[in-house]
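The structure under discussion appears below in the form of structure tokens.
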Amino acid sequence: MSINSKVVLIVGASSGFGKATAERLLELDCIVYATSRSVEKMQELLIKGAHLLGMDVTDDASIIAGVEQILAEQERIDVVFVNAGYGAYGTIESIATEEIQKQYDVNVFGVARVLKAVLPTLRQQKSGRIIFTASLASHLSIACTGWYASTKHALVGIAKALRQEVRDMGIEVIIIEPGVVKTEFAGVAFGLLDRVDHPADYLPLVDGFRRSMARSYDQAPGVDSTVKAMVAAAMVKCPKTVYCTTVDAKILKFLQRLLSDLIVDWLVLSWFKQSSRKR
Ligand SMILES: NC(=O)c1ccc[n+]([C@@H]2O[C@H](COP(=O)([O-])OP(=O)(O)OC[C@H]3O[C@@H](n4cnc5c(N)ncnc54)[C@H](OP(=O)(O)O)[C@@H]3O)[C@@H](O)[C@H]2O)c1
């Protein structure tokens, strides 16, 4: 490892985008600190040369201890991926308030905690990159994804303001926007959907959503194009401000800007109805 190797903190590295990005950055000679709630789940990364930290983004102490350990060992942090997140699927009315609070605690307040822990160091260094894993859902909110999508809308709002606030301090802020991609995400989101007690009025809609999204995840690409963008965001000299990483995300982000809200609603609900008919 050269002394010029980048020191990278990946929050949410036990699976999916975070894990694959860690693997790729290790191959590029980066010093990677992989974090998640469970160090046991990251043993493969340890073998590949990553440093492992147990970090729960809902727990300030674990984040602060992790950042302190990196600074004690490396004296700097060059790149931070705020990537941890999950989807609480279900209708707006039906998801329990405690579940909505958990969703925000991880996807939004978790990001706030990490930012507050790393920004003083990046400001002092006058350098660093913060890379947010946002989503197509940062722009397009569809039925049964509303609370999740609202957290991803919030993330883009936070990232855009931060980009302006720290630009003159040498810190860069980059947003990654994947569409539907095969990771552990769908298993967690559908698992939560199954536990939501929906009133009967919503059941046809929820059934259409479940079938439509299940089909989308079946046909979804793997992590490659998103990981390529995450690695570019960390490594290239002049990164883009936003990487929209999958074909569905590119097309749907464009269409939802172009079309009126009522046409988007009609298209989404027609898609659900059609999926319900295809049994
Ligand atoms: N896959 C998609 O279709 C898709 C599309 C757009 C955006 N995204 C976003 O991409 C990001 C990564 O998700 P993924 O698709 O790679 O799913 P994933 O395979 O489920 O990975 C999620 C990661 O977040 C970590 N995490 C969850 N809760 C955490 C907590 N409280 N504290 C610390 N870490 C936590 C998980 O670690 P542990 O559970 O081991 O702690 C895991 O490492 C998420 O922000 C997600 O919203 C995913």
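The values are calculated or read from the model by the stated rules, or taken from the named source; none is laboratory data. From a predicted model like this one, the values you see are computed outputs, not experimental measurements. Counting neighbours? That spans all protein chains shown, and the Cβs are built from the backbone with ideal geometry, glycine included. Note: accessible area is taken over every heavy atom of the protein model, side chains too, but ligands, DNA and RNA are not part of it. Shrake-Rupley method; radii C 1.70, N 1.55, O 1.52, S 1.80 Å.
Could you tell me the accessible area of LYS41 in Å² (1.4 Å probe, neighbours in place), rounded to the nearest ten?
For LYS41, solvent-accessible area is about 130 Å².
Going by amide H atoms built from the backbone, whose H comes under 5 Å of the H on GLY128, apart from near neighbours?
Counting only residues 5 or more places away or on other chains, the set is GLU172.
Of TRP271, TRP266, TRP147, which has the most accessible area and how do the rest follow, probe 1.4 Å?
Values: TRP271 90, TRP266 165, TRP147 65 Å².
Highest to lowest solvent-accessible surface, that is TRP266, TRP271, TRP147.
With a 1.4 Å probe and all protein chains in place, put ASP105, ASP224 in order of accessible area, largest first. Could the numbers behind the result be given before it?
Working: ASP105 45, ASP224 120 Å².
Correct descending sequence by accessible area is ASP224, ASP105.
Positive end of the dipole of the chain, charges at C-beta (+1 Lys, Arg; -1 Asp, Glu), about the Cα centre: which of ASN4, GLN103, SER260 has its Cα farthest in that direction?
SER260
So what is the 222 nm mean residue ellipticity for the chain from helices alone, if each DSSP H run of at least 4 adds -39500 (n - 2.57) and you divide by all residues, rounding to the nearest 500 deg cm²/dmol? Please report the intermediate quantities before stating the final value.
Details: 11 runs with 150 residues, N = 279.
Rounded to the nearest 500, the figure is -17000 deg cm²/dmol.
Please list, by residue number, everything in the stretch 26-55 whose backbone N is under 15 Å from a paramagnetic label point 7 Å out along Cα→Cβ of ALA65.
35-40, 52-55
Of ASP261, ASP78, which has the most accessible area and how do the rest follow, probe 1.4 Å? Don't skip to the answer; put the middle values down first.
Details: ASP261 120, ASP78 30 Å².
Ranked from most to least accessible, the order is ASP261, ASP78.
Mind jotting down the three principal axis lengths of the stretch 135-279 based on Cα atoms? Whole angstrom, largest first.
Taking max minus min along each principal axis of the Cα atoms, the stretch 135-279 gives 54, 29, 29 Å.
With every protein chain left in place, what is the accessible area of ARG163 in Å² (1.4 Å probe, nearest 10)?
Only protein atoms counted, so the area is about 70 Å².
On a full-extension model of 0.36 nm per residue, what is the gain between LEU255 and MET169, subtracting their alpha-carbon distance, rounded to one decimal in nm? Intermediate results must be reported in sequence, preceding the final value.
Values: separation 86, 0.36 × 86 = 30.96 nm, distance 3.57 nm.
Working it through step by step, the gained length comes to 27.4 nm.
Suppose R0 equals 25 Å. What FRET efficiency, 1/(1 + (r/R0)^6) with r the Cβ-Cβ distance, do ILE263 and LYS160 give to the nearest 0.05?
0.40
What net charge do the residues around TRP147 carry, taking every other residue with its C-beta under 13 Å from that of TRP147, with Lys and Arg at +1 and Asp and Glu at -1? Could you put the intermediate results ahead of the total?
Working: positive: LYS102, LYS152; negative: GLU93, GLU98, GLU99, ASP105.
Value of the local net charge: -2.
When the C-alpha atoms of the chain are aligned to their principal axes, what extent does each axis show, in angstrom, from largest down?
In descending order, the Cα extents are 59, 38, 30 Å.
Between SER94 and LYS48, what FRET efficiency follows from the Cβ-Cβ distance if R0 is 30 Å, with the result rounded to 0.05?
About 0.10, to the nearest 0.05.
What percent do you get for the relative contact order of the stretch 169-279 when only Cα pairs under 8 Å and 6+ apart count?
47 percent.
Give the residue from ALA149, GLN43, ALA13 lying farthest towards the positive end of the charge dipole for the chain; charges sit on Cβ (+1 for Lys and Arg, -1 for Asp and Glu) and the dipole is referred to the Cα centre.
ALA149
If you take the beta carbon distance between ARG215 and CYS238 as r and set R0 to 35 Å, what does 1/(1 + (r/R0)^6) give as a FRET efficiency, to the nearest 0.05? Spell out each step's value before the answer.
Numbers: r = 38 Å, r/R0 = 1.10.
E(calc), rounded to 0.05, equals 0.35.
Which of LYS19/LYS152; LYS228/LYS250; LYS152/LYS237; LYS102/LYS152; LYS6/LYS253; LYS41/LYS160 have a Cα-Cα distance over 23 Å? Present the calculation step by step, with values, prior to reporting the outcome.
On the way: LYS19/LYS152 20 Å; LYS228/LYS250 16 Å; LYS152/LYS237 27 Å; LYS102/LYS152 14 Å; LYS6/LYS253 32 Å; LYS41/LYS160 32 Å.
Violating the 23 Å limit, Cα to Cα: LYS152/LYS237; LYS6/LYS253; LYS41/LYS160.
When the dipole is taken about the Cα centre of the chain, and only Lys, Arg (+1) and Asp, Glu (-1) are charged at their Cβ, what size is it in debye, to the nearest 20? Please report the intermediate quantities before stating the final value.
Working: 32 positive and 30 negative charges, 190 e Å.
It comes to approximately 920 debye.
Contact order normalised by length for the stretch 1-143, with contacts defined as Cα pairs under 8 Å and 6 or more residues apart; what percent is it? Kindly include the intermediate steps, with their values, before the conclusion.
Details: 213 pairs, mean separation 34.5, N = 143.
Answer for the stretch 1-143 is 24 percent.
Once you list every other residue whose beta carbon is under 15 Å from the beta carbon of VAL106, what net charge do they have if Lys and Arg are +1 and Asp and Glu are -1?
Numbers: positive: ARG37, LYS102, ARG113, LYS152; negative: ASP56, ASP59, ASP60, GLU98, GLU99, ASP105, GLU184.
Combined, the nearby Lys, Arg, Asp and Glu give -3.
What does a probe at SER127 reach in the stretch 27-44, counting residues whose amide N is under 19 Å from the point 7 Å along Cα→Cβ?
28-33
Averaging sequence separations of C-alpha pairs under 8 Å and six or more residues apart, then dividing by the length of the chain, give the relative contact order as a whole percent.
18 percent
When all protein chains stay in place, what accessible area (Å², nearest 10, 1.4 Å probe) is found for CYS238?
Counting only protein heavy atoms, the figure is 110 Å².
With unit charges on the beta carbon (Lys/Arg positive, Asp/Glu negative), name the residue among MET55, PHE272, ILE158 whose Cα is farthest towards the positive pole of the charge dipole of the chain.
Result: PHE272.
Amide H to amide H, which residues 5 or more places from VAL180 or on other chains are under 5 Å from it, using H placed in the peptide plane?
Amide H neighbours of VAL180, under 5 Å, 5+ apart: ALA249.
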